[in-house]
Ligand code: PRP
């Protein structure tokens, strides 16, 4: 039997994914050892391999077939724009991609002013402002703590993930426009979907049943 390889986005999401997989009989004891520095884990019995990667790299591994399946946030899928099948919404890590800023920036958005937009997601921001809103903006790529940008005068608004809204509130910012809802998704390599049709579909069905029983 050929191995099916999973690329999981390192961190909270991988931990939650493994908890869900356990419920449908997919276990990987090796992976639970917090002291381990190993990068790849195998369940010989099931013929599954798992590895942890930086979230942004998960779609790349899946597109090239180095992983058959990836579990990653919709934000990363949209930003990376890779060729892959998005097959299942795991309904976890729910949050929203939004345009945020001080209340005073509302007007700038309404009037389609030439503003600066700071973000970790330049492709999502470009698509939203250029293709959906038809507003010309200057996009500034940052790597984290995006909320700082409008506070220190780098940009008028930001495009970022909002989960509880606490970071915005505590920094005097608010959601000005919502771009799209986000959650963790299962993505599949296009060739693997054909070659390993039966095993991958069984996995999707097991997840669907698990979620149906939860409701
Ligand atoms: C994310 C996001 C926001 C925050 C939103 O940042 O970029 O800053 O979480 O969460 P909240 O609405 O619950 O406050 P993350 O913690 O991933 O770190 P980052 O600033 O490095 O992007």
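The values are calculated or read from the model by the stated rules, or taken from the named source; none is laboratory data. What you are looking at is a predicted structure, and each value in this text was computed from that prediction instead of being measured. Counting neighbours? That spans all protein chains shown, and the Cβs are built from the backbone with ideal geometry, glycine included.
Summary of values
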quantity: Failed criterion for residue 161 (all others in (1) surrounded by 17 or more Cβ atoms within 10 Å (Cβ to Cβ); (2) assigned to a helix (DSSP H, G or I) hold); calculated: (2)
quantity: Of the criteria (1) in contact with a helix residue (DSSP H, G or I) (Cβ under 6 Å, 6 or more places away or on another chain); (2) over 16 Å from residue 75 (Cβ atoms); (3) surrounded by 21 or more Cβ atoms within 10 Å (Cβ to Cβ), which one residue 149 fails; calculated: (1)
quantity: Residue match in segment 135-148 (condition: over 18 Å from the mean Cα position of the chain (by Cα), closer than 13 Å to residue 173 by Cα and within 14 Å of the ligand (Cβ to nearest atom)); calculated: yes
quantity: Selection within segment 65-95 - surrounded by fewer than 18 Cβ atoms within 10 Å (Cβ to Cβ) and part of a strand (DSSP E or B); calculated: 85, 86, 87, 89, 95
quantity: Qualifying residues in segment 1-25 (those that are under 22 Å from the mean Cα position of the chain (by Cα) and assigned to a loop (DSSP other than H, G, I, E, B)) - the one surrounded by the fewest Cβ atoms within 10 Å (Cβ to Cβ); calculated: 11
quantity: Enumeration of residues in segment 151-172 that are within 24 Å of the chain's Cα centre (by Cα) and either touching a residue at least 40 places away in the same chain (Cβ under 8 Å) or away from the ligand (no atom under 11 Å from the Cβ) (or both); calculated: 157, 158, 159, 160, 161, 162, 163, 168
quantity: Positions within segment 19-30 being over 17 Å from residue 68 (Cβ atoms) and either touching a strand residue (DSSP E or B) at 6+ places or on another chain (Cβ under 6 Å) or modelled with pLDDT of 85 or more (or both), in sequence order; calculated: 19, 20, 22, 23, 25, 27, 30
quantity: Any pair with Cβ under 6 angstrom, 6 or more apart, that starts in segment 15-28 at a residue that is within 11 Å of residue 50 (Cα to Cα) and ends at one that is modelled with pLDDT of 90 or more; calculated: 28/41; 28/43; 28/50
quantity: Residue ID - nearest to the ligand (Cβ to nearest atom), chosen from residues in segment 104-128 that are assigned to a loop (DSSP other than H, G, I, E, B) and under 15 Å from residue 77 (Cβ atoms); calculated: 120
